[in-house]
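Participant: The structure that follows is given in the form of structure tokens.
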Amino acid sequence: MNNDEFRAWSRRAADWGADYRDTLRERPVRPALSPGAIFRSIEASPPETAEPMDRIFADFEAKIVPGMTHWQHPRFFAYFPANAAPVSVVAEYLVSAMAAQCMLWQTSPAATELETRTVDWMRQALGLPDEFSGVIQDSASSATLAAVLTMRERALDWQGNKQGLAGQARVRVYSSDQVHTSIDRAIWVAGIGEENLVRIPVAGRFRAMDTSALDAAIISDREAGMLPAGIIASVGGTSTGGTDDIAAVAAVAKRHGLYLHVDAAWAGSAMICPEYRHFWSGVEEADSVVFNPHKWLGAQFDCSIQFIRQPEDLVRTLAIKPEFLKTHGHDGIINYSEWTVPLGRRFRALKLWFLLRAHGLEGLRTMIRNHVTWSEGLAARLAREADFEIVTEPMLSLFSFRHRAGVDPDEHNLRLVNAINDDGRIYLTQTRVDGRVAIRFQAGQFEATAADVDAAFGVVTEIARGLA
Ligand SMILES: *Cc1c(COP(=O)(O)O)cnc(C)c1O
């Protein structure tokens, strides 16, 4: 492809993107497809000779687009959002055009320094104290892995990377049972082992860890000769928004000298609104905090920020060249690849910079407040229907509900969620609450309107009553 063709096809792609956004509401949110259909539609062998771009693009439109689940659809109410505000997509076009590998300051001075600046903008936007610095990771899973490795190394007096874990005291990490599966995987990958992730029971509306049980578990592990290393707390868990009392957990962490990592991957975005910060009060005591601007805020996937109180500990854990420690922060050079497990890094700060400037914090706060208000409104409306029950009350914009029907309500609600998703007008996912099926609803899509959330009421009640 020469540069003239590159220009023409880039324009075509940009036009396609805008047309796509224009027509999203006309598409089913999730395609009704049987597995393997797309795979079989793609040639089994790679082409030996060059094909014209027209044909490649036509196949993209014919074979790929109809097989996509549309995450930018305004009636995407499943999982958590993965918002890509149009302005962040524009930034990604530019990043893609420059295609820089941003592992070191010298391989990408602007990317590095813009990252330092935009992460600090986000720190201020979230109301975190200025002791925190941070880094943009690809995903919350990577940030949590980095935090777990740091707590492990700190507890092992920095000997784990060198000697391995065999022969060391058993490293123990504590969390509730409401945390995301990325915590389990971080524990596996860090070599700590699932059996050493101690699940503390939860209580109350927000399913918060019982901190006296936490305290007791740490004490009894120490007495048994084990090595408590850290605590992972949750603000806005994936299933139903489970949220720990961060101040109380931080007090336990402090008392025992343990590392505290807070996973606020989804809910962190809401902390740009001061009125929601009570959900994580005490967060200023954490050692690290992760939140995903690529979820609710609108910075196209991937963009996950890990705020860190003592980056020296993280760098000591992950940097291959420890001499970096000597210059850390003094010569103005940061090599962010020493803060992350992967060496290679994309330029992720540009989309955040574009997003924050184009919308302003006020614009983003309005979006988040709207989602919370609309979601609470929908929960209240469903609660007034005799055949529906609210299983978990809204935590920000997430709640869960159940249709009271069927001999086996679990089976009925699973059928309901499948029927809703095959219908395609909206998209929802299910979870289990105390062992029973509940249907999750979250409003959070960047371009959703009150009318889109209202539409969910009609679709859910119509399909539920049709099935019953
Ligand atoms: C989405 C989510 C994660 C995982 O995020 P990735 O960026 O996909 O790794 C972890 N924790 C919570 C609470 C989440 O909502």
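Please treat every number below as a calculation from the coordinates, not as lab data. Fair warning: this is a prediction, and the values are worked out from it, not measured in the lab. No Cβ is skipped: glycine too gets one built from the backbone with ideal geometry, and neighbour counts run over all protein chains shown.
Participant: Compute the relative contact order of the chain as a whole-number percentage, counting only Cα pairs closer than 8 Å that sit 6 or more residues apart in sequence.
Facilitator: 22 percent
Participant: Here's a follow-up. For the stretch 3-69, what is Rg from Cα atoms divided by 2.2 N^0.38 Å, rounded to two decimals?
Facilitator: After normalising by residue count via 2.2 N^0.38 Å, the value is 1.32.
Participant: Another question, then. Add +1 for every Lys or Arg and -1 for every Asp or Glu among the other residues with Cβ under 13 Å from the Cβ of S400, and state the total.
Facilitator: Summing Lys and Arg as +1 and Asp and Glu as -1 gives +3.
Participant: Using helices alone, what [θ] at 222 nm do you get for the chain, with -39,500 (n - 2.57) per DSSP H run of 4 or more residues, divided over all residues and rounded to the nearest 500?
Facilitator: -13500 deg cm²/dmol
Participant: From a point 7 Å beyond the Cα of W121 in the direction of its Cβ, which residues of the stretch 342-361 have a backbone N at a distance under 11 Å?
Facilitator: Only 349-361 fall inside the zone, counting backbone N under 11 Å.
Participant: Further, regarding this structure: Taking θ as phi - 60°, what are the ³J(HN,Hα) couplings along the stretch 411-417 by the Karplus curve (6.51, -1.76, 1.60), each to the nearest whole Hz, with x for Gly and Pro?
Facilitator: 3J(HN,Hα) across the stretch 411-417, in whole Hz: 5, 4, 6, 5, 4, 4, 5.
Participant: Of the beta bridges DSSP finds with both residues in the chain, what % are antiparallel, to the nearest 5?
Facilitator: Roughly 60 percent of the DSSP beta bridges within the chain come out antiparallel.
Participant: Each label point is 7 Å from the Cα along the Cα-to-Cβ direction; what then is the distance between the points at F6 and A169, in nm?
Facilitator: Simple spin-label model gives 5.8 nm for this pair.
Participant: How much FRET efficiency would the formula 1/(1 + (r/R0)^6) give for E194 and S45, where r is the Cβ-Cβ distance and R0 is 51 Å, rounded to 0.05? Working shown, then result.
Facilitator: Numbers: r = 42 Å, r/R0 = 0.82.
After rounding to 0.05, the efficiency reads 0.75.
Participant: I need to check one value: relative contact order of the stretch 101-346, counting alpha carbon pairs closer than 8 Å and at least 6 residues apart, in percent. Provide the component values of the computation, followed by the final result.
Facilitator: Working: 462 pairs, mean separation 63.9, N = 246.
Here the relative contact order equals 26 percent.
Participant: Counting only DSSP beta bridges with both residues in the stretch 155-236, tell me the antiparallel percent, nearest 5.
Facilitator: Around 20 percent antiparallel, to the nearest 5.
Participant: How far is it, in nm, from the label point at A358 to the one at I390 when both lie 7 Å from their Cα along the line to the Cβ?
Facilitator: Simple spin-label model gives 3.5 nm for this pair.
Participant: Quick one: what Rg and Dmax do you get for the chain from the alpha carbons, in Å?
Facilitator: 23.6, 71
Participant: Could you tell me the extents of the stretch 311-468's C-alpha atoms along the three principal axes, largest first, rounded to whole Å?
Facilitator: Answer, in whole Å and largest first: 67, 36, 26 Å.
Participant: Short version: ³J(HN,Hα) in whole Hz for each residue of the stretch 94-104, in order, from phi by Karplus 6.51 cos²θ - 1.76 cosθ + 1.60 (θ = phi - 60°), x for Gly and Pro, what are they?
Facilitator: Running phi through 6.51 cos²θ - 1.76 cosθ + 1.60 with θ = phi - 60° gives 5, 4, 5, 5, 7, 6, 8, 9, 9, 6, 10 Hz.
Participant: Same structure, new question: Report, in debye and to the nearest 20, how large the dipole of the stretch 3-69 comes out about its Cα centre when Lys and Arg carry +1 and Asp and Glu carry -1 on their Cβ.
Facilitator: Numbers: 10 positive and 12 negative charges, 85 e Å.
Its charge dipole is roughly 400 debye.
Participant: Put a dot 7 Å past each Cα toward the Cβ at V341 and R415; how far apart are the dots in nm?
Facilitator: The modelled label-to-label distance comes out at 4.2 nm.
Participant: Placing +1 at every Lys and Arg Cβ and -1 at every Asp and Glu Cβ, with all other atoms neutral, what dipole size does the stretch 361-467 have around its Cα centre, in debye to the nearest 20?
Facilitator: On the way: 12 positive and 16 negative charges, 29 e Å.
That gives a dipole near 140 debye.
Participant: Can you grab the distance from the C-alpha centre of the stretch 432-450 to the C-alpha centre of the stretch 245-277, Å, no decimals?
Facilitator: With the stretch 432-450 and the stretch 245-277 each reduced to a Cα centre, they are spaced 23 Å.
Participant: How big is the charge dipole of the chain about its Cα centre, in debye rounded to the nearest 20, if each Lys and Arg gets +1 on its Cβ and each Asp and Glu gets -1 on its Cβ? Can you show the working numbers first?
Facilitator: Working: 48 positive and 58 negative charges, 37 e Å.
With Lys and Arg at +1 and Asp and Glu at -1, about 180 debye.
Participant: Any idea which of G134, A248, T181 is furthest toward the positive side of the dipole for the stretch 101-346, if Lys and Arg beta-carbons carry +1 and Asp and Glu beta-carbons -1?
Facilitator: The residue sitting farthest along the positive end of the dipole is T181.
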